[in-house]
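Below is one structure; the comments refer to it alone.
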Amino acid sequence: MTIDTVDRAESSPDVSQPYADLGLKDDEYARIHEILGRRPTSSELAMYSVMWSEHCSYKSSKVHLRLFGEKKPETDALLVGIGENAGVVDIGDGWAVTFKVESHNHPSYVEPYQGAATGIGGIVRDILSMGARPIAVMDPLRFGPLDAPDTARVLPGVVAGIGGYGNCLGLPNIGGEVIFDPSYAGNPLVNALCVGAMRHEDIHLASAKGVGNLVVLYGARTGGDGIGGVSVLASETFDAEGSAKRPSVQVGDPFMEKLLIEATLEVLHAGLVEGIQDLGGAGISCATSELASNGEGGMHVWLDRVLLRDPTLSPEEILMSESQERMCAIVRPDRINDFLARCAKWEVEAVVIGEVTDSGRLTIDWHGERIVDVPPRTVAHEGPVYQRPFARPSSQDALQADGPGRLARPSTPEEIRAAVLALVGSANLASKSWVTSQYDRYVLGNTVLAQPEDSGMVRVDEVTGRGVAVSTDCNGRFAKLDPYAGAQLALAESYRNVSVTGATPLAVTNCLNFGSPEDPGVMWQFAEAVRGLADGCLELGIPVTGGNVSFYNQTGDVAILPTPVVGVLGVIDDVTRRTPMSWRNAGDSIYLLGDTRDEFGGSEWAHLQGHLGGVPPRVDLGQERALSRVLVDGSQSGVIRAAHDVSDGGVAQALVEMALRSGTGADVSIPESIEPFVFCCSESAARAIIVIRPDQESALLALCNDSAVPVMRIGTVTTDAHLTFGSFGFPLDELRRVHESPIPAALAG
Amino acid sequence: MKIGVVTFPGSLDDRDAARAVRIAGGEAVALWHGDDDLHGVDAVVLPGGFSYGDYLRCGAIARFAPIMQQVVDGARGGMPVLGICNGFQILCESHLLPGALTRNDHLHFICRDQRLRIENTTSAWTTSFAAGQEIVIPLKNGEGGFVADDATLDALEGEGRVIARYLEINPNGSRRDIAGICNERGNVVGLMPHPEHAVESLTGPTTDGLGFFTSVLSMVGSSR
């Protein structure tokens, strides 16, 4: 096998290179020529192609994502902002928290178990590389229709993969979403969120500082998995002596990841690490170029020192391999023995593969021959940037004009009862316990709230009780009808879900799942969603700390519903005062906070009628802020005993969820002033149901009055197992059966 | 009194077990799998998790860890040992307890708040409970189905060595609804559900799990 060295590249300028097969455009290839002053070596070509890919370079989204920085609200909470592996926020008492959500959509469709498993692994390493101990995970998931044959393949595999990896890693899975829509049938969304905690002084960054410091690769050995398209470079090795071709979906080893977590935290806390980076997409190419680019600007790597699972791998494949469970650390020479000894204690292999230089170049040798010599910034940070054309689709007007008003509406008590029951048993609103019971929510012993509560909440400080709450949300139908408003509604719901637990919302992460950026209509959806989210965060006063963009989620020409998943993190000074979602005491009073309007565009009810059209519920972020204030103040003062967000399915669905969670019922009266069906099933935003002791009414009214939040008493908690709405009602047994059976029934076997 | 909690590579609930020991009033001592010294502890907990990844049979590799020889010797000498979940699997692999834990009959990992009936209140780890007491503690496993041949099961039942039984549902296909057993002497207990996750009302479904830890503390205390 001939190695394509820098010398060879200089002496053979006319060699034809398969850049197009690697996804590089003509002008991108020309730019590499210009940067290097010669043709790239095949190793360099491999690095540029993967680092300039959409996934790594954000070349289509960059110009829009800048808005998150430009519209960043004034905040003291942000310790590390966008651009690092994950943002870091100050939660008080010297504690910092980092959190981020990422997509693993395409691998999970190809190979559901491993795709989902390695999605968890990747996001956990992002959090770890900031210096934090990972403390919880969550998974926003979206699939095709529950009864579609392929869903029975994809969903159980994804869930088993998340459980198989996360459970073995020892991280509680505290929430997320499971949503079904035909648009995800050929393109499920598997997003993974991880949250980690650390002391302020433990924050670490991905930079290679200090000339002469050593570059250590540690963790799993490098294998041929996940090398995908790069195999065209190594086509000459498709012979008996060549490396075995592995699937392009990586395979996870959660046991190794667990050891990697413990070893990494040990070397970080011992003060042995100058800079650290995880290896994910683009593997060694990404880690070395980013570390060098963020640091002194130079690095030299002896690539043949990399420990391999398959000794026949070519240098190009080693550079591109996406083998899991690997990390890269920058360590001072006088500390290297201590570092290696601690890795050995955890039975984690580690090897010095390079050193930090001030050459301004990333140079890589393979058995003494120079195969890479590039300015690292051009690989890691100065990739192409596209101003993709975007345009509001001509069909958008017709979509918005076709409102749900034309649908036949339930009006009699019997009809409304049937509509509520249909919602309770619909795939999107049914109990997800078949999924979540496959996840360990108890490990680490700090889980205060987990699904089906509105947010997951974990204790961070066992002495003071300080903790964090996290929720992820998105209604893709709202985003389809109006991407700007839809993104804000996702933000508002997540913000509300954190607030109902009594935590104060602090920061935002997002996973922007969209179709092809080459489709101007999709690009418009994306641009609008980013603008909506940036404006919304500014108005709510909580910054975006980081996130992820996933494009090309489509089957043929048909894109998924635009799905900007928003994660909000909140802080609570004492988790013992968290507000649960449901009532416990008969005789307590139930109130609805916020205004209910006739809003069914994009609603769950319209979805069940097979309709998607009109406009989504009105966004009023000022009102969301006011509601949040009431919920948090009401928690702090002890007025509110339970609180639950009103969103998908409306007030009736929220009350059903509360009753099933509690096991006791309630008598609810539908106010005269409002159409009963609208009261039960409208999805107006900025609302919550709360429960108080009857003698706390004046305190509640004062709270609501102070913040100008509409409040209405709607019922009383009872001792019997019925939920009644005046002229109709339900035994809880019936609700439970209808709510809990759909998902197990569809996935049985 | 000191209760050691062993950390194997892949142990996950070791911090939780140590916390439970502390809340019950004991001193938790971290023990390392590669160490061959019990550091003077009075009892040992083998915590839940996936030791060595459990890619082979669960607990099959942990059994050979250097610390396990000390644990086995101690157990044979009467030292109280509690194996929770993966720890139960390790005790079976070490032949300190009979039977084996197999893949759940429904083939899924399951995490739920599980009702149990305490069947034995004389073992080192169950004296704090009343006979027939029902408790609710978390259960979470993928390979929790307890199996043994009929003769062994009959012997366990006959000798009162079934510690706890599943009520309401059998979550993993365990024979005769067995959730936990002990050895002849009653000092070694294996339990599939997780008492260490039910020691604070804030984070657990109940505080019923504390009884396992207070039991051994009272016993170890009285022997001094």
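Give, ordered by residue number, each residue of region A:437-471 whose 1.4 Å probe accessible area is reduced by a minimum of 20 Å² on adding the remaining protein chains to the chain alone.
Buried-area filter returns A:SER437, A:GLN438, A:ASP440, A:ARG441, A:TYR442, A:VAL443, A:LEU444, A:GLY445, A:THR447, A:VAL448, A:ARG459, A:GLU462.
Would you calculate the volume per residue, in Å³, of the smallest convex hull containing every Cα atom of region A:315-388?
That works out to 158 Å³ per residue.
Restricting the count to DSSP beta bridges whose residues both fall in chain B, what percent are antiparallel, rounded to a multiple of 5?
55 percent
Can you give the relative contact order of region A:550-629 as a percent, counting alpha carbon pairs under 8 Å and 6+ residues apart?
In percent, rounded to a whole number, it is 16.
Are any of the pairs A:LYS62/A:LYS258; A:LYS432/A:LYS480; A:LYS59/A:LYS100; A:LYS59/A:LYS432 more than 27 Å apart by Cα-Cα distance, and if so, which?
Among A:LYS62/A:LYS258; A:LYS432/A:LYS480; A:LYS59/A:LYS100; A:LYS59/A:LYS432, the Cα-Cα distance tops 27 Å for A:LYS62/A:LYS258; A:LYS59/A:LYS432.
Filter the GluC sites (Glu not before Pro) in region A:15-120 to those in DSSP coil with at most 12 other Cβ atoms within 10 Å of their Cβ, and list the result.
A:GLU74
When Rg is the radius of gyration of the Cα atoms in region A:7-56 and Rh is its Kirkwood radius, what does Rg/Rh come to?
That ratio is 0.94, to two decimals.
Rounded to the nearest 5, what is the percent of antiparallel bridges among the DSSP beta bridges in region B:1-62?
Within region B:1-62, antiparallel bridges account for around 10 percent of the total.
So, taking all protein chains as they sit and a 1.4 Å probe, how much accessible area belongs to A:ASP720, in Å² rounded to tens?
Around 80 Å² of this residue is reachable by solvent.
Packing-wise, with mean Cβ within 10 Å as the measure, how do B:183-194, A:377-388 rank, highest first?
B:183-194, A:377-388
Under Stokes-Einstein, with the Kirkwood radius over Cα pairs standing in for Rh, what whole-number D in µm²/s applies to region B:25-143 at 25 °C and 0.890 mPa s?
157 µm²/s
To test your reading of the geometry: what angle, between 0 and 90 degrees and rounded to tens, separates the Cα axis of helix A:621-636 from the longest principal axis of chain A?
Relative to chain A, helix A:621-636 is tipped by roughly 80 degrees.
At a threshold of 8 angstrom on Cα-Cα distance, excluding pairs fewer than six apart, so keeping six or more, what relative contact order does chain A reach in percent?
Relative contact order here is 15 percent.
For a protection proxy built on the mean count of beta-carbon atoms within 10 angstrom, sort B:84-95, A:596-607, A:399-410, B:105-116 highest first, please.
Sorting B:84-95, A:596-607, A:399-410, B:105-116 by mean packing, highest first, produces B:84-95, A:596-607, B:105-116, A:399-410.
Please give the Cα centre distance for region A:603-655 versus region A:328-399, rounded to the nearest Å.
After rounding, the separation between the Cα centres reads 43 Å.
So what is the relative contact order for region A:425-565, in percent, with contacts set as C-alpha pairs under 8 Å and at least six apart?
24 percent
Using the per-residue mean of other Cβ atoms lying within 10 Å as a proxy for protection, in what order, highest first, do the peptides A:540-551, A:570-581 fall?
The densest-packed peptide leads the list: A:540-551, A:570-581.
With the calculation restricted to Cα positions, what are the radius of gyration and Dmax of the protein assembly as shown in angstrom?
Every Cα atom of the protein assembly as shown included, Rg and Dmax give 28.7, 88 Å.
Just which residues of region B:187-220 lose 40 Å² or more accessible area with every protein chain there, against their chain alone, with the probe set to 1.4 Å?
For region B:187-220, once contacts with the other chains are taken into account, B:LEU202, B:THR203 lose 40 Å² or more.
Determine the order of A:TYR109, B:TYR55 by accessible area, beginning with the largest, at a probe radius of 1.4 Å.
Highest to lowest solvent-accessible surface, that is B:TYR55, A:TYR109.
Using the scaling law 2.2 N^0.38 Å as the reference, what is the normalised Cα Rg of region B:2-222?
0.90
Note the angle between two axes, namely the Cα long axis of helix A:151-169 and the longest principal axis of the Cα atoms of chain A, as a number of degrees from 0 to 90, rounded to the nearest 10.
The angle comes out near 70 degrees.
Once the piece of chain linking B:ALA151 and B:LEU107 is laid out straight, how much longer is it, given 0.36 nm per residue of separation minus the C-alpha distance between them?
Between B:ALA151 and B:LEU107, full extension yields 13.2 nm more.
What list of whole percents do you get for P(r) of region B:106-215, with Cα-Cα distances grouped in 5 Å bins up to the one holding the largest distance?
Each 5 Å bin holds this share of Cα pairs: 2, 13, 23, 26, 20, 11, 3, 1, 0.
With everything on Cα atoms, drop me the angle between helix A:283-294 and the longest principal axis of chain A, reported from 0 to 90° to the nearest 10.
Helix A:283-294 and the main axis of chain A meet at about 90 degrees.
What length, rounded to one decimal in nm, is gained on full extension from A:MET712 through to A:GLU369, with 0.36 nm per residue of separation minus their alpha-carbon distance?
115.8 nm
Within region B:2-222, what whole-number % of the accessible surface is contributed by carbon and sulfur, with the 1.4 Å probe and all protein chains included in the calculation?
Accessible surface attributable to carbon and sulfur in region B:2-222 totals 48 percent.
Just for the protein assembly as shown, what percent of DSSP beta bridges are antiparallel, to the closest 5?
The antiparallel fraction comes to roughly 75 percent.
Given H placed on each backbone N at 1.01 Å, which residues far from A:HIS104 in sequence or on other chains put an amide H within less than 5 Å of it?
For A:HIS104, whose amide H was placed from the backbone, the distant partners under 5 Å are A:VAL190, A:ASN191, A:ALA192.
What ranking of A:THR563, A:THR555 comes out by heavy-atom accessible area, probe 1.4 Å, highest first?
These residues rank, largest area first, as A:THR555, A:THR563.
The values are calculated or read from the model by the stated rules, or taken from the named source; none is laboratory data. What you see is a predicted model, and the numbers here were worked out from it, not measured in a lab. Glycine also receives a Cβ, built like all others from the backbone with ideal geometry; neighbour counts cover every protein chain displayed. The protein model used for the area step is the full one, side chains on, heavy atoms only, and it has no ligands, DNA or RNA in it. Shrake-Rupley method; radii C 1.70, N 1.55, O 1.52, S 1.80 Å.
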